[in-house]
């Protein structure tokens, strides 16, 4: 039975060891229905491990996970609600694109055929060729079409757009938004921070198998630093020691100062100087991301 | 050229090692069995009478110098060793030249400093070297027992030479057709054609000249341990140079990943056998099963057509009485006895198929393709169960092909053995085949990397033990390890029900272990 009000994805203390290597360490998360959830982290942080655990392709060393309230180990039931797109799509080279979609649709169960044809159209995908002659981007399109065409409750996407061109990337974002509006949940692991920034409601950051932050994008930006681009005549005072300043770096002819919390101490230091230019902005997701690693 | 040579050597060295090992053991087993079976000069000289038997002549060749150990090995096992090294050369060459391009890995190597032709040269150098190393192994194995170094050298050169010719021909095929499977099929067709030409040549004395046209038949011209016609050797060299030159010239005229005869334009979608994972596995496997069925069928047909001739020869000869007693046969039962012995060899071949078939499931996992299936509402149990069911059905089909083909060969030569005898003899091996299949499932669950290697190696070791164990008086428990030791000579003898059921039980238990272990372990790609 599906818990109507519960989270789409829930993990509790999810842990995976590969021999001595701790790939994922006590991950506890909840992703709500209709949410587009960004999952960030450098290579080897445990993003793919998490998705493979959610799919029961690998078994947790400790902890548990649920999809739509169903234990992830109950594959026959949990996978009724799931679709998965890997970052590197390996398919049967001797099948054609449409044969592949036919096969994957049959195994999934229910396919919205009209929507499938629309997806093929929107991705400008030619399904009449053999898989072996498709480029990486085209193989990725097959996996995306196969994932969306069953209208699953949960989409687990592991860097799904790595091989797509900007136009197709936009198509993907439109589809993801429309799916979320219909109440489908999207779990998006990605390296493309612009994509996450454009698309995601909430973001989790992973470092060396540990969760370091989960927050909405707005919250992340508030929480975090403000950036001041400063140019003064004459010599710069030592800004590193000013309370609240966490980072100072050269920026053109001036400096870029990252400030956490109130900017008042910095402004006091700057006040007696002959400031030529002072610009301020909130950091992009990329800048936030880099500040974590 | 150095890095490419090193890469290709790494990719092939394990296969070469296995090949050398198998050939050395096989040669020694042949030599031992010769001494055991034909202990005196009279029996040995009588072997040459097989030159009058058309069926024997066509399959094994005309016996030359079969009163020597070396000559017997050439006649009895040479054709088989040529076929095996030929198949290896075809698979290895098509893998290095086509498989690497198909997978896209070739592009990583192709952007290096070496040209396409340079890479082709490196790949061929490695495969040629593998053939030569195998030849050296054969030389080492036969030189001492035969006491004829020149004959041993010519035999080894014939084996290695045939492998090199097949490699060069496959290299040429790799330029003409895209996709590894097709290139290997063209190479296999070349091998098959040259085998058929050799059969034509050996079918009558006035057609012997045809063997000049068949690389397979050049061994009959070399006549190692007999006339030792070293003058035939340049034929191998000239052919290899011509084929290699053509392959390199064509390689320069095509792009990476393309072929001169491309067929990608006429793709048609055939939505057959896509409705369920089991039907889909069947779609992926039927082509290969067909190839196995043709191979098993041809072999069984030839063996069946030999029953009468070999049986007559054995029955007429008093010197075999001791040997027949050793394997527990009456003179009247000689034909049925031959069927039983041949069924063991076919059982061995189908056991290898069983290991390969479960290995195909592992290949789906290794290539990460299975993840598209298992991330849908399909349990691991159902997926693996489908592959096991498919393996069992394919094994039954191959057994049926064997029985019918052997019977058909027998009917054409008027041998006194019926279809029921063939069926009974084949069924006798079923528990052994399923046992090795079960071992493959167990390995798939426990150590997936070794899904094929362990059961296939076990098949070879078990066969050798059952063969040389009694001859060399191994302790009973050593010989008893081999499942082949526990099959009786059906249809002459009765089934050994207890042993058969025990093997079936072990097969089921091993399958269950593999199933449990697969459900508990992680899915692991390459």
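Listing for the model above:
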| quantity | calculated |
| --- | --- |
| Residue among A:144, A:157 that alone is more than 10 Å from every other protein chain (Cβ to nearest Cβ), touching a strand residue (DSSP E or B) at 6+ places or on another chain (Cβ under 8 Å) and outside any helix (DSSP H, G or I) | A:157 |
| Residue tally, condition in contact with a helix residue (DSSP H, G or I) (Cβ under 8 Å, 6 or more places away or on another chain) and within 13 Å of chain B (Cβ to nearest Cβ), over segment A:125-141 | 10 |
| Within segment B:266-290, considering residues that are loosely packed, with under 15 Cβ neighbours inside 10 Å and more than 10 Å from every other protein chain (Cβ to nearest Cβ), the one nearest to residue B:118 (Cα to Cα) | B:266 |
| Search result, residues across segment A:98-113 that are under 24 Å from residue B:386 (Cα atoms) and more than 8 Å from chain B (Cβ to nearest Cβ) | A:100, A:101, A:105, A:110, A:111 |
| Subset tally (residues that are closer than 18 Å to residue A:109 by Cβ and crowded, with 16+ Cβ neighbours inside 10 Å) for segment B:371-418 | 12 |
| Unique residue being buried (at least 18 other Cβ atoms within 10 Å of the Cβ), in a loop (DSSP other than H, G, I, E, B) and within 30 Å of the chain's Cα centre (by Cα) when the list is B:259, B:293 | B:259 |
| Some residue of segment B:447-466 being within 14 Å of chain A (Cβ to nearest Cβ), in contact with a helix residue (DSSP H, G or I) (Cβ under 6 Å, 6 or more places away or on another chain) and closer than 22 Å to residue B:383 by Cβ | yes |
| Strands (runs of 3 or more DSSP E) enclosed by segment A:232-293 - at least 2 residues per element that are without any contact (Cβ under 8 Å) to a residue 12 or more places away in the chain | A:245-251 |
| Matching residues in segment A:114-124 - criterion: being closer than 21 Å to residue A:152 by Cβ, surrounded by fewer than 21 Cβ atoms within 10 Å (Cβ to Cβ) and either within 10 Å of another protein chain (Cβ to nearest Cβ) or under 28 Å from the mean Cα position of the chain (by Cα) (or both) | A:115, A:116, A:117, A:118, A:120, A:121, A:122 |
| Boolean, residue A:78 is more than 8 Å from chain B (Cβ to nearest Cβ) and under 16 Å from residue A:155 (Cα atoms) | yes |
| Residue match in segment B:404-415 (condition: within 14 Å of chain A (Cβ to nearest Cβ), at pLDDT 95 or above and in a helix (DSSP H, G or I)) | no |
| So residue B:507, is it more than 28 Å from the chain's Cα centre (by Cα) and within 30 Å of residue B:417 (Cβ to Cβ) | no |
| Residue among A:83, A:45, A:7, A:65 that is farther than 24 Å from residue B:372 by Cα and either within 20 Å of the chain's Cα centre (by Cα) or crowded, with 23+ Cβ neighbours inside 10 Å (or both) | A:7 |
| Test: residue in segment B:42-62 that is in contact with a helix residue (DSSP H, G or I) (Cβ under 8 Å, 6 or more places away or on another chain), more than 25 Å from residue B:89 (Cα to Cα) and not in a helix (DSSP H, G or I) | yes |
| Helices (runs of 4 or more DSSP H) contained in segment B:310-391 and holding at least 1 residues at pLDDT 85 or above and within 14 Å of another protein chain (Cβ to nearest Cβ) | B:334-366, B:370-374 |
| Residues (surrounded by 18 or more Cβ atoms within 10 Å (Cβ to Cβ) and under 30 Å from residue A:29 (Cβ atoms)) located in segment A:215-262 | A:217, A:220, A:221, A:224, A:225, A:226, A:227, A:258 |
| Members of segment B:471-495 found to be part of a helix (DSSP H, G or I) and in contact (Cβ under 8 Å) with a residue 12 or more places away in the chain, listed by number | B:471, B:478, B:479, B:481, B:483, B:484, B:485, B:486 |
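The values are calculated or read from the model by the stated rules, or taken from the named source; none is laboratory data. For clarity, every value in this text was computed on a predicted model and none was experimentally measured. Cβ: placed from backbone, ideal geometry, glycine included. Neighbour counts: every protein chain shown.
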